[in-house]
Amino acid sequence: MGESYDVVVIGSGPGGYVAAIRAAQLGLKTACVEKEKTLGGTCLNVGCIPSKCLLESSHLYSHLLHAGKTHGVEATPTLNFAQMMQRKNDVVAGFNVGIQGLFKKNKVTSIAGLATFTSPQTLSVNGKEIVAKNVILATGSIPLPLPFLPFDEKQVLSSTGALALPKIPKKMIVIGAGIIGVELGSVYSRIGSEVHFVEFMDRVCPSLDESISKGLEKALKAQGMTFQLSSKVTGATVKPSGVTLTIENSDPLTADAALVSIGRKPYTEGLGLDQVGISTDPRGFIPIDPNFRTTHPHIYAIGDIVEGPMLAHKASEEGYAVAEIIAGKHPHIEYITIPSVVYT
């Protein structure tokens, strides 16, 4: 028999690491399994944190460039894109170390590798068996590609590739003017890219209140971004010279890079859910009861792999709650109070 734990959390993102720490604080012997090289999940490594770093850096550059003289600050800033990216990497690395420290302080065992169910209460990680009284699935989500335009992260970008470009593209097309699209579009527009959005819906950030959506579009247009709304991308060709998109009822568009930002899908690959009889719904989500239990009462699921907004703070709240439920407490989440923010 392998090492035995009260709780094994699979995934160390903002849902998983919060769940692991809270479970350990409540006296449960806890391990957290992470298949990536670093802890923190999408949010810390290729999502919220690096995007905010680039938003801050690009805003500083843009503000000095356009508003300096008005303030009596007469200097022409020079953009060092490599340093901008390096600062982002340094901030992320600092948080990575922070989570390691929190795990150590709270006595959470960190296990590197891919966890796969071999039975409802046993997992295989790197060929070793782990026994778990309770399992929390917190494996998050991944960017959704267009079927005819797979990510190469050089010219056809997901949010991950857009956060790690080696140079600034002269022209960038953003497919999808949702929250992630307008955030990353803002970054590159501020530092000199010509940014053009193609959006299937009739407005920017369709999830926002209509008046906010209209105000946001007006503000982004004033900053130089252009929008093609109610437009469907139907095909694409990728050449070293650029990406050309075919658009229904419109002329083709060509750019150095295309950022595909049409949403995210739950990530449950490699868990071996079929081994334990857990199935996902047609959209890939794991069905759960009001206490986050799957069809097995001791296997729980939280965050982006269950219904609800794919937000880091929603996952954290669920992680905290599920640890308390396992420990016999009765937490309550008020889902109507979840804030949603767009940074541009």
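Once both axes come from the Cα atoms, what is the angle between helix 179-190 and the longest principal axis of the chain, in degrees from 0 to 90, rounded to 10?
Once rounded, the angle reads 40 degrees.
Compute the angle between helix 81-105 and the longest alpha-carbon principal axis of the chain, please, reported from 0 to 90 degrees and rounded to the nearest 10.
20
Output wanted: per-residue J couplings in Hz (rounded whole) for the range 275-289, from phi through Karplus 6.51 cos²θ - 1.76 cosθ + 1.60, θ = phi - 60°, x for Gly and Pro.
4, 10, x, 9, 10, 9, 7, x, 9, x, 7, 8, x, 9, 8
If amide H atoms are built 1.01 Å from N in the plane of the peptide, which residues on other chains or at least 5 residues away come under 5 Å of the amide H of V174?
Here H196, F197, V198, L259 satisfy the definition.
With labels modelled as points extended 7 Å from the Cα through the Cβ direction, what inter-label distance (nm, one decimal) is found for E210 paired with Q25?
Going from the E210 label point to the Q25 one covers 4.3 nm.
Show me the ranking of peptides 238-251, 266-279, 301-314 by mean Cβ neighbours inside 10 Å, starting with the highest.
Working: 238-251: 13.9, 266-279: 15.9, 301-314: 22.1.
Ranked from most to least packed, the peptides come out as 301-314, 266-279, 238-251.
Roughly how many debye, to the nearest 20, is the charge dipole of the range 1-93 about its Cα centre, given +1 on each Lys and Arg Cβ, -1 on each Asp and Glu Cβ, and no other charges?
Details: 8 positive and 7 negative charges, 22 e Å.
The calculated dipole for the range 1-93 is roughly 100 debye.
Identify, among T344, A312, H296, the residue whose Cα sits farthest towards the positive end of the charge dipole of the range 292-344, taking +1 on the Cβ of Lys and Arg and -1 on the Cβ of Asp and Glu, with the dipole about the Cα centre.
Value: H296.
What is the packing order of peptides 327-336, 124-133, 12-21, 215-224, taking the mean over residues of other C-beta atoms within 10 Å and listing the highest first? Don't skip to the end; give the middle numbers.
Working: 327-336: 10.2, 124-133: 15.9, 12-21: 29.7, 215-224: 14.1.
The densest-packed peptide leads the list: 12-21, 124-133, 215-224, 327-336.
Note the angle between two axes, namely the Cα long axis of helix 48-67 and the longest principal axis of the Cα atoms of the chain, as a number of degrees from 0 to 90, rounded to the nearest 10.
20
Values in this text are rule-based calculations from the coordinates and carry no lab data. Quantities reported herein were computed from a predicted structural model and do not represent experimental measurements. Heads up, the Cβs are rebuilt from the backbone with ideal geometry, glycines too, and the neighbour counts pull from every protein chain shown.
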